[in-house]
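Novice: Below is a structure I'd like to ask you about.
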Amino acid sequence: MTTNINNTSSTMPGFDATFDAIEEQLNGLDLPATTEPEPVAATVKVRRTRKAAVPKAQGMQIEYATRQTTPGGVLFDGSDVVAIGVVASGMVKQPWIDPKDGIQKGSSIPWQAKRYFSKAFAAFQDAINKGDLHAGEIFMTTTSYKSRELQQQIEKQVVFLVVGDHNETPNSLTYIESCLTALVEHAQEIGLAGKSISFPKLGTGLGKLAWDDVAAVMVPAIAQLPVSKARIHISATRDIRYQPKYDAAGKVTGVERDTTPIAKPERPAAPVAKAAPAAAPAAKVYR
């Protein structure tokens with residue numbers, strides 16, 4: 001017997017009745033309404049990346065020395081050129097120990113220069129006496145001395161920076177700035193290119209100027225010199241060290257504190273045969 005599947009509902013009346021009864025029971029149940037699930041917001045973790053540092057324009061960094069690292073002081077630290085702060089009167093005071101605080105006072109560096117670089121100091125005083133040299137100007141000359149370590153005559157350029165009128169009044173930041181400006185402008189003529197130079201803290205002894213104020217003037221100016229190395233002699237316990245601050249273009253914009261340890265300068269090497277140095281320019285006033 002052949003059964004027609006398409007006509008099953010008509011040939012099986014009991015099936016339709018059973019289906020209708022099940023549907024009626026389901027409609028009677030209190031079922032929750034069917035809703036579409038709410039989309040779940042995806043949480044995306046964003047990893048913070050460290051901002052790339054803008055490379056600093058590198059310029060010359062100034063070295064610092066103390067009596068502990070350089071017993072020879074500013075005059076005998078091995079530099080090719082030494083800068084000395086002096087006054088327009090041409091006078092120096094012999095240093096003495098103040099009994100109140102036990103600190104050495106007086107024109108110790110000019111006094112030493114007068115003692116050890118007598119010919120250079122005499123040339124400086126001669127320029128003063130002739131009226132050729134005034135406050136805010138510089139006088140450059142050349143001298144020589146016998147190195148105890150190398151046991152030979154060493155030639156050294158000496159630059160006298162006239163940073164005050166006389167020892168009885170404070171020095172002037174204006175004079176210091178004027179001297180350093182002249183030094184930068186005439187650096188090539190003086191013959192500083194590629195040489196090493198040392199400075200004391202200009203105007204902070206008898207000049208009675210604060211080192212922080214002087215450093216704000218000295219450090220940016222020294223950074224502009226065409227020298228291979230520049231060194232400032234300071235007190236190990238009292239003085240803050242400063243370095244020139246550069247912008248992205250390499251221009252000096254000010255000063256910033258230096259917290260790196262002070263390195264002890266290397267001892268001079270044994271003398272070796274070398275070509276004679278180029279002749280230094282004759283003694284001259286620069287303004």
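Bear in mind these aren't lab numbers, they're just calculated from the coordinates by the rules spelled out. Keep in mind the model is a prediction, meaning the values are calculated, not measured. Reconstructed Cβ throughout: ideal geometry from the backbone, glycine too, with neighbour counts over all protein chains shown.
Novice: For GLY85, what residues show an amide H to amide H distance below 5 Å, using hydrogens built from the backbone and excluding near sequence neighbours?
Specialist: LEU161
Novice: I would also like to ask the following. What does the charge add up to near LEU133, with Lys and Arg as +1, Asp and Glu as -1, over the other residues with Cβ less than 11 Å from its Cβ?
Specialist: Local charge sum for LEU133: 0.
Novice: Please report the relative contact order for the range 139-181, taking Cα pairs under 8 Å with a sequence separation of at least 6, and give it as a percent rounded to a whole number.
Specialist: After rounding, I find 30 percent.
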